[in-house]
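The values are calculated or read from the model by the stated rules, or taken from the named source; none is laboratory data. Every value quoted in this text rests on a predicted model; they were computed, and no experiment measured them. Because the Cβ atoms are built from the backbone with ideal geometry, glycine has one as well, and the counts that use them run over all protein chains shown.
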Amino acid sequence: MNWSEFVHMGGYGFYVWSSYGLALLVLLLNLYLPLRRRKTVRRLLHEFLRLKEQTR
Amino acid sequence: MRERGKTPSPLALSREGELVKIYILIDMHKYASPKFFYTLAGQLTPWMAALTALLLVAGLYFGLFIAPADYQQGESYRIIFIHVPAAWMSMFIYVCMAGAGAIALVWNVKLFEMFAGNCAPVGASFTFLALVTGSLWGKPMWGAWWAWDARLTSELILFFLYMGYMALEASIDDPRRAARASAILALVGVVNIPVIHFSVEWWNTLHQPASVSKIGTPSIHPSMLAPLLLMSLGFTFYFFTVALMRMRNEILERERHTTWVAQLLESRS
Amino acid sequence: MPGFLKAIGCLLRRDLTVALRRSTDVLTPLVFFIIVVSLFPLGLGPEPAILRTIAPGVIWVAALLATMLSLNRLFADDHADGTLEQMALSPHPLTVLVLTKVAAHWMLTGLPLVLISPLLAVQMNLPESAMGTLILSLLLGTPVLSLLGAVGAALTLGLRGGGVLVSLLVLPLYTPVLIFGAGAVAGVIAGIDIEAHFSLLAAFLALALTLAPWAAAAALRVSLE
């Protein structure tokens, strides 16, 4: 199968690639969210610990 | 529960036995301790991620390049390699969620509470993915973006169950009450899912014209089975990876009062 | 335990009395039921054939929604004045107390729906042959709706978000009852054998009677902590 046939997917290219594209999007999003949350949590905890030190 | 008088049970252990029991309990508590799990999860995550990537790449390769086109559906059937594993994951994750919730309810283990709560977004995502890919698969076959096919309808109801779970958890402020209430909801849901599935199947056979079969599952050729399994396993390890990542975040947040978290942050900053 | 049966009788009588004093609480879901069913001809046109086709589904969905609306009065009032805590602390099993409350709730919500459904069936042009099936299916189905609804109400006790949240939790769980309840009525019109429908509705009822009060009691304990 050559490249253009592969993309075309027998006329169903839009459907097939939308599906795979959406899957990729979902996987990336669910990976991205915890990573971003991690940064937020670390930042919040640093703040929290700093305040705890101050008010000791 | 009324307290009966203390009569020795026939299963009472000897003194040695009691000591062994205590050691086992201490050990279990160590494993269920957030700190231990945090480090363990941190070590496991890269391996899980690597395994995920490997399985998904292999699955995609076999699915897109090796498996031949279907006789009836042409190339569009390749959506099956996303749709079916996603549907399986949506079910599997719900069961995990309910199981973890049950353990958290009965044995009061915080770690399982955290796990259950973190299952929901990933599970809902897979359900959503299964629904949309089901639509995308159905459109070229039936000419309509949505058909009340048995599997799609069951997935839709499962999506609502996930939404309900997440809404309940979000609307309770106290994390303990939220976890326990959601656990009960998940258990009620998990008992209902077979009933719902059965009812929808029945409803569908009654109303669907004979010509349109169940989202046209092509007869499973062995070359199609391999990518299906690879993608499913890949998604499973993906779920574990994400769950571990989310749990680590939650542990840090929940255990912020402990010394080990303080030390960890100091050493990292 | 001689006090046990007395307690149940007492609770039943109390719930019924209190609810009947606040008769608007009891009548509103009923009126809602009637209004919702009447909306469909207004929305779809009065063509008798169309109404006859959609009648089983419409009546059943309206019954679902009306039950949903009434769920808030199951536990909320008792929770607000502390009675619910007393019930949880009492020596009688909470499961049975919950079942009693649900029974009282059904008598004043589900049963009226069942009794008024023939009128609505006439409005929707449902053939008379199907009337009996409609009543029987609702008779078997509405208790299940109340029982499952109790679990939802117990889980969301005291939460902001209230009514809509309960709907989101409970409506997906109602789908099997809806499928077989409305299916029975549609089936009898189409002339197919509906024995399976009723067996399943009865099975759902049996299952709900045994499991739902227990789950609702557990949920109440969680909510009352």
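When B:Ser90 is tested against (1) farther than 18 Å from B:Phe159 by Cβ; (2) within 18 Å of the chain's Cα centre (by Cα); (3) not β-branched (Val, Ile, Thr), just one condition goes unmet, and that condition is (1).
Among the residues here, C:Leu134 qualifies as of a type in the set (A, V, I, L, M), touching a residue at least 60 places away in the same chain (Cβ under 8 Å) and in contact with a helix residue (DSSP H, G or I) (Cβ under 7 Å, 6 or more places away or on another chain). Of all the residues in the stretch A:12-34, those that are in a helix (DSSP H, G or I) and either more than 7 Å from chain B (Cβ to nearest Cβ) or of a type in the set (Ser, Thr, Tyr) (or both) number 14. Counting only helices (runs of 4 or more DSSP H) that sit wholly inside the stretch B:102-218, those with at least 3 residues that are surrounded by fewer than 19 Cβ atoms within 10 Å (Cβ to Cβ) and aliphatic (A, V, I, L, M) are B:150-171, B:175-207.
For every residue, the table says whether it meets (1) farther than 23 Å from C:Leu134 by Cα; (2) touching a strand residue (DSSP E or B) at 6+ places or on another chain (Cβ under 7 Å); (3) in contact (Cβ under 8 Å) with a residue 40 or more places away in the chain.
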residue	(1), (2), (3)
C:Leu44	no, no, no
C:Gly57	no, no, yes
C:Leu64	no, no, yes
C:Thr67	no, no, yes
C:Asn72	yes, no, yes
C:His79	yes, no, yes
C:Gln86	yes, no, no
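Can you confirm whether the stretch C:147-167 contains a residue that is within 16 Å of C:Leu113 (Cα to Cα), part of a helix (DSSP H, G or I), hydrophobic (A, V, I, L, M, F, W, C) and modelled with pLDDT of 95 or more? Can you show your working first?
In the first step, residues of the stretch C:147-167 are kept if they are within 16 Å of C:Leu113 (Cα to Cα); the result is C:147, C:149.
Checking the rest, the ones that are also part of a helix (DSSP H, G or I) come to C:147, C:149.
Now narrow it down to the ones that are hydrophobic (A, V, I, L, M, F, W, C): C:147.
Those still in the list that are modelled with pLDDT of 95 or more too: C:147.
Looking for residues that are within 16 Å of C:Leu113 (Cα to Cα), part of a helix (DSSP H, G or I), hydrophobic (A, V, I, L, M, F, W, C) and modelled with pLDDT of 95 or more, one finds at least one in the stretch C:147-167, hence yes.
Do we have C:Ser199 as in contact (Cβ under 8 Å) with a residue 40 or more places away in the chain, surrounded by fewer than 23 Cβ atoms within 10 Å (Cβ to Cβ) and polar (S, T, N, Q) here? Don't jump to the end; show me each part of the working.
Working: in contact (Cβ under 8 Å) with a residue 40 or more places away in the chain: no; surrounded by fewer than 23 Cβ atoms within 10 Å (Cβ to Cβ): yes; polar (S, T, N, Q): yes.
Criteria not met by C:Ser199.
Would you point out the residue of the stretch B:122-167, among those that are within 14 Å of chain C (Cβ to nearest Cβ) and free of Cβ contacts under 8 Å to residues at least 12 places away in the same chain, that is farthest from B:Asp70 (Cα to Cα)? Only one residue tops the list, namely B:Ala167. Candidates in the stretch B:67-85 are the residues that are among the aliphatic types (A, V, I, L, M) and more than 7 Å from chain A (Cβ to nearest Cβ); of these, the one that is nearest to B:Leu152 (Cα to Cα) is B:Val84.
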